[in-house]
Amino acid sequence: MDKYDVLKKYFGYTSFREGQEALIDDILNNRDVLGIMPTGAGKSLCYQVPALLMPGITLVISPLISLMKDQVQALNQAGIHAAYINSSLNEAQIAKALKLAAQGQYKIIYAAPERLETYDFLNFVKSVEISMITVDEAHCISQWGQDFRPSYLKIVQFIRQLDKRPVITAFTATATENVKEDIVCVLGLQDPEILVTGFDRKNLYFAVETPNKKDTYVINYVKKHSSESGIIYCATRKNVETLYEKLKAQDIEVSKYHAGLTAEERKVNQDDFIYDKKPVMIATNAFGMGIDKSNVRYVIHYNMPQSLENYYQEAGRGGRDGERAECILLYSPQDVVINRFLLDNKEQNNEYTPDEAAAVRERDEERLRAMTFYCMTTGCLREYILKYFGEKGASYCGNCINCVSEFEEVDVTDEASKIISCIREAGQRYGINVIAGILAGDDRAKLKEYGVFEYKTYGSISGMSEAGIKQIINHMLIQNILWQTNDKYALLKLMDKAGQVVNNDIRVIFKRPKKDPAKENGLSEGSAAKRSTSKSRRSDTLNSRGLELFEQLRELRTAIAREEGMPPYIIFSDKTLVDMCVRSPLDKKEMLSVTGVGENKFERYGERFLKVILDYTGGIREKFYFGE
Ligand code: ADP
Ligand code: MG
């Protein structure tokens, strides 16, 4: 067997995705690798395929129990012998698993980093041939990352104790330089091949919306997508609870997750979501690491997150199966205030020196600012994200709200000049709220205290709301006419270009989206759905007969999932079911050509799915999709 056979036989895929093949080849040539690929790119396959082609056992170190369980279930379904060893098993179960492992029962073994130091485990690894050690979610080893896990540092110790050093491979979705260097250094990778694939996720549609009532937006959206699974992220536990109650009151099947729930509650709720018993999950960012659910069709952020790193990771949990998914961020200016509060109250790592603490704080502020600009920009959202992660993007992606919306251009040079005069008059000592308040002529007590009522510029843009003025200020920040200081006061300062604006040498043009009332309340078709060409939704692909067949296949999948106590997407992904409709296979051979149907999966379920298709078509070929 070679790598292609393994890919087809066990995973049911016919071709590798970007980066996979190169990494697999390196590993098979005994070279250490570090694979940096976005969520959903298919990192697991990069080590699972070579694991099956190497003589000994592959040990996968993974940070979370849920992650391991999910992966092992999926492997077993594919007919690959795998097991996990972690604290969810009792002593006797661990002993048994290790015994079977020592007898060579498993090709791939997942373990938590804490496990590595235990006497029994060390004994076991010394008694067998370990061909490869894979460190999944390898960013956990870096103190720079958000998910630093001190126990990951034990991996190095562990490797040193082995008689023979196996090939070491590491995978993560975090691409920053610091994290990359940490992984290579701390893990002691030897002349590693470092492969970074593009961070673009073409099947994700991005949007920022500013609805008047976020709750109404969410309720409408969820109802409109009732047959789909989605995640709604909130900034605080309290938000999760309130929104949860509101959705429940609307008879929506919804689950919730945050750190304030007991471990048991969290587990039950998470399973309800994963097993598709409750398609909607409302959660804080405590939820998600280790959720490999592949059919998440939308990720709504009820609040703006603290950084684009967080946002892209959370939003990236949509559409892992490669099918279209929508990532919608509901922005309100208040989110910036909440986030600043969270930063102010963030638990400081007390190992930091004051200088380090200040540097971290500055970095956090910088991240928050970049996140805020994402919500403001009228340019391509995908381009903005890719640029942030150090990649070039095209200025038009055709699959984000800004690329598919209509804008009107407004000349705001006059307002911009007044803003500049005001900042100058204020001696560049205030932030955006005070400046906007002065210009709008607001009479709140705070402003009186500052003595700004005397300013010449006080009330000079009184015809516009404060929110409107702030929008222009934000635009001027993006245009590098103004800048904000890097501390928590975020004072507004003038840049060189400000002089040119005042002298009328350059005009300030503001792109403003044309109002779409349907969009305001979550009812629009996500305008992209109609126009997107790159990835279409199911309903764009399958005709009505096809959709009906899809539903039947999905029912069968749910039934099997219940019988076996498995998440439905582990049986077959949505993408596989769509492909079954498109190809409408009438025999085993045709069924095996469906993406995601490998030999083992066919053995297990193939006939039952075939039967549904045969019953539905009467064995006569029919076209279930639009187009050629
Ligand atoms: P990551 O760990 O990079 O976030 P996963 O390894 O969980 O991503 O893979 C995401 C999804 O992509 C899985 O459903 C997986 O089966 C699928 N996948 C991986 N490689 C391929 C491939 N070559 N062809 C088709 N689907 C693939
Ligand atoms: Mg993964």
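Being closer than 14 Å to residue 3 by Cβ and more than 23 Å from the chain's Cα centre (by Cα) is the filter here, so list the residues in the stretch 24-44 that pass it.
24, 25, 26, 27, 28, 29
Given the conditions (1) closer than 23 Å to residue 368 by Cβ; (2) modelled with pLDDT of 90 or more, which single one is not true for residue 457?
(1) is the only condition that residue 457 fails.
Are any residues in the stretch 1-22 within 15 Å of ligand 2 (Cβ to nearest atom) and either assigned to a loop (DSSP other than H, G, I, E, B) or open to solvent by less than 20 Å² (accessible area, probe 1.4 Å) (or both), and if so, which ones? Talk me through it step by step, then tell me what you get.
Residues of the stretch 1-22 within 15 Å of ligand 2 (Cβ to nearest atom): 11, 17, 19-20.
Within the stretch 1-22, 17, 19, 20 meet the criteria.
Can you find even one residue in the stretch 584-606 that is within 16 Å of ligand 2 (Cβ to nearest atom), assigned to a helix (DSSP H, G or I) and of a type in the set (Ser, Thr, Tyr)?
No: the stretch 584-606 contains no residue that is within 16 Å of ligand 2 (Cβ to nearest atom), assigned to a helix (DSSP H, G or I) and of a type in the set (Ser, Thr, Tyr).
In the stretch 286-300, which residue that is within 11 Å of ligand 1 (Cβ to nearest atom) and small (Gly, Ala, Ser) is farthest from residue 229 (Cα to Cα)?
Per the stated criteria, the residue is 290.
Out of the stretch 42-61, which residues are surrounded by 24 or more Cβ atoms within 10 Å (Cβ to Cβ) and either modelled with pLDDT under 90 or of a type in the set (Gly, Ala, Ser) (or both)?
Once the filter is applied, which keeps residues that are surrounded by 24 or more Cβ atoms within 10 Å (Cβ to Cβ) and either modelled with pLDDT under 90 or of a type in the set (Gly, Ala, Ser) (or both), the stretch 42-61 yields only 51.
Which of (1) within 14 Å of ligand 1 (Cβ to nearest atom); (2) under 20 Å from the mean Cα position of the chain (by Cα); (3) within 27 Å of residue 87 (Cα to Cα) does residue 47 not meet, given it meets every other one?
With (1) within 14 Å of ligand 1 (Cβ to nearest atom); (2) under 20 Å from the mean Cα position of the chain (by Cα); (3) within 27 Å of residue 87 (Cα to Cα) applied to residue 47, the lone miss is (2).
From 322, 318, grab the single residue that is modelled with pLDDT of 80 or more and under 14 Å from residue 230 (Cβ atoms). If you could, list the steps in order and put the result at the bottom.
On the way: 322 fails: under 14 Å from residue 230 (Cβ atoms).
That would be 318, the only listed residue that is modelled with pLDDT of 80 or more and under 14 Å from residue 230 (Cβ atoms).
Regarding residue 1, is this residue more than 11 Å from ligand 1 (Cβ to nearest atom) and in contact with a strand residue (DSSP E or B) (Cβ under 7 Å, 6 or more places away or on another chain)?
On the way: more than 11 Å from ligand 1 (Cβ to nearest atom): yes; in contact with a strand residue (DSSP E or B) (Cβ under 7 Å, 6 or more places away or on another chain): no.
Spelling it out, it is not the case that residue 1 is more than 11 Å from ligand 1 (Cβ to nearest atom) and in contact with a strand residue (DSSP E or B) (Cβ under 7 Å, 6 or more places away or on another chain).
From the set of residues in the stretch 301-334 that are farther than 22 Å from residue 383 by Cβ and away from ligand 1 (no atom under 16 Å from the Cβ), which is most open to solvent (accessible area, probe 1.4 Å)?
Selected residue: 334.
Pick out the one residue from 171, 206 that is closer than 30 Å to residue 400 by Cα, open to solvent by less than 10 Å² (accessible area, probe 1.4 Å) and away from ligand 2 (no atom under 16 Å from the Cβ). Explain how you work it out, then say what you get.
Details: 171 fails: away from ligand 2 (no atom under 16 Å from the Cβ).
From the options 171, 206, the qualifying one is 206.
For residue 438, all conditions in the list (1) under 19 Å from residue 378 (Cβ atoms); (2) without any contact (Cβ under 8 Å) to a residue 24 or more places away in the chain; (3) hydrophobic (A, V, I, L, M, F, W, C) hold save one; what is the number of the exception?
Among (1) under 19 Å from residue 378 (Cβ atoms); (2) without any contact (Cβ under 8 Å) to a residue 24 or more places away in the chain; (3) hydrophobic (A, V, I, L, M, F, W, C), residue 438 violates only (1).
Please go through the stretch 64-114 and pick out each residue that is more than 16 Å from ligand 1 (Cβ to nearest atom), in contact (Cβ under 8 Å) with a residue 40 or more places away in the chain and closer than 24 Å to residue 266 by Cα.
Answer for the stretch 64-114, where residues must be more than 16 Å from ligand 1 (Cβ to nearest atom), in contact (Cβ under 8 Å) with a residue 40 or more places away in the chain and closer than 24 Å to residue 266 by Cα: 65, 111, 112, 113, 114.
Condition (residue is of a type in the set (Phe, Trp, Tyr), closer than 27 Å to residue 124 by Cα, buried (at least 16 other Cβ atoms within 10 Å of the Cβ) and touching a residue at least 24 places away in the same chain (Cβ under 8 Å)) applied to the stretch 144-151: is it met by at least one residue?
Filtering the stretch 144-151 down to residues of a type in the set (Phe, Trp, Tyr) leaves 144, 148.
Narrowing the set further to residues that are closer than 27 Å to residue 124 by Cα leaves none.
No, because not a single residue in the stretch 144-151 is of a type in the set (Phe, Trp, Tyr), closer than 27 Å to residue 124 by Cα, buried (at least 16 other Cβ atoms within 10 Å of the Cβ) and touching a residue at least 24 places away in the same chain (Cβ under 8 Å).
Just one of 95, 101, 41 is in contact with an Asp or Glu (Cβ under 8 Å, 6 or more places away or on another chain) and either charged (D, E, K, R) or under 24 Å from residue 9 (Cα atoms) (or both); which is it? Full working, then the answer.
Details: 95 fails: either charged (D, E, K, R) or under 24 Å from residue 9 (Cα atoms) (or both); 101 fails: in contact with an Asp or Glu (Cβ under 8 Å, 6 or more places away or on another chain).
The match here is 41.
Tell me which residues, restricted to the stretch 477-496, are open to solvent by less than 40 Å² (accessible area, probe 1.4 Å) and closer than 20 Å to residue 210 by Cα.
The one that is open to solvent by less than 40 Å² (accessible area, probe 1.4 Å) and closer than 20 Å to residue 210 by Cα: 477.
Here is a check on your reading of the model: is residue 560 within 16 Å of ligand 2 (Cβ to nearest atom) and in a helix (DSSP H, G or I)? If you could, list the steps in order and put the result at the bottom.
Numbers: within 16 Å of ligand 2 (Cβ to nearest atom): no; in a helix (DSSP H, G or I): yes.
The answer is no for residue 560.
Within the stretch 448-471, count every residue that is within 12 Å of residue 434 (Cα to Cα) and in contact with a helix residue (DSSP H, G or I) (Cβ under 6 Å, 6 or more places away or on another chain).
5
Could you please find all residues in the stretch 399-453 being in contact with a Pro (Cβ under 6 Å, 6 or more places away or on another chain) and in a loop (DSSP other than H, G, I, E, B)?
Taking the stretch 399-453 first, the residues in contact with a Pro (Cβ under 6 Å, 6 or more places away or on another chain) are 405, 407.
Correct list: 405 only.
Of the numbered conditions (1) of a type in the set (D, E, K, R); (2) more than 8 Å from ligand 1 (Cβ to nearest atom); (3) without any contact (Cβ under 8 Å) to a residue 40 or more places away in the chain; (4) outside any helix (DSSP H, G or I), residue 25 fails exactly one; give the number of that condition.
Evaluating residue 25 over (1) of a type in the set (D, E, K, R); (2) more than 8 Å from ligand 1 (Cβ to nearest atom); (3) without any contact (Cβ under 8 Å) to a residue 40 or more places away in the chain; (4) outside any helix (DSSP H, G or I) leaves (4) as the failure.
Could you check the stretch 251-292 and list, in sequence order, the residues that are assigned to a loop (DSSP other than H, G, I, E, B), within 16 Å of ligand 2 (Cβ to nearest atom) and in contact (Cβ under 8 Å) with a residue 60 or more places away in the chain?
Matches in the stretch 251-292: 289, 290, 291, 292.
Before we move on, is residue 148 assigned to a helix (DSSP H, G or I), away from ligand 1 (no atom under 16 Å from the Cβ) and not assigned by TED's automatic domain parsing to the domain that holds residue 386?
On the way: assigned to a helix (DSSP H, G or I): no; away from ligand 1 (no atom under 16 Å from the Cβ): yes; not assigned by TED's automatic domain parsing to the domain that holds residue 386: yes.
When the stated conditions are applied, residue 148 does not pass them.
Among the residues of the stretch 75-97, what is the count of those that are surrounded by fewer than 21 Cβ atoms within 10 Å (Cβ to Cβ) and part of a helix (DSSP H, G or I)?
Going through the stretch 75-97 one residue at a time, the tally reaches 9.
With respect to residue 283, is the statement that it is among the aliphatic types (A, V, I, L, M) and more than 16 Å from ligand 1 (Cβ to nearest atom) true? Show your work before the answer.
Numbers: among the aliphatic types (A, V, I, L, M): yes; more than 16 Å from ligand 1 (Cβ to nearest atom): yes.
Against the criterion (among the aliphatic types (A, V, I, L, M) and more than 16 Å from ligand 1 (Cβ to nearest atom)), residue 283 qualifies.
Table: residues versus (1) at negative phi; (2) within 13 Å of ligand 2 (Cβ to nearest atom); (3) modelled with pLDDT of 95 or more.
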residue	(1), (2), (3)
31	yes, no, yes
35	yes, yes, yes
95	yes, no, no
107	yes, no, yes
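In the stretch 351-408, how many residues are open to solvent by 20 Å² or more (accessible area, probe 1.4 Å) and β-branched (Val, Ile, Thr)?
Qualifying residue count for the region: 3.
Anything in the stretch 608-628 that is under 35 Å from the mean Cα position of the chain (by Cα) and part of a helix (DSSP H, G or I)? List them, or say none.
608, 609, 610, 612, 613
The values are calculated or read from the model by the stated rules, or taken from the named source; none is laboratory data. All values reported here derive from a predicted model rather than from experimental measurement. All Cβ positions, glycine included, derive from the backbone under ideal geometry; neighbour counts span all protein chains shown. Ligands, DNA and RNA are excluded from the accessible area calculation, which covers all protein heavy atoms including side chains. Shrake-Rupley method; radii C 1.70, N 1.55, O 1.52, S 1.80 Å.
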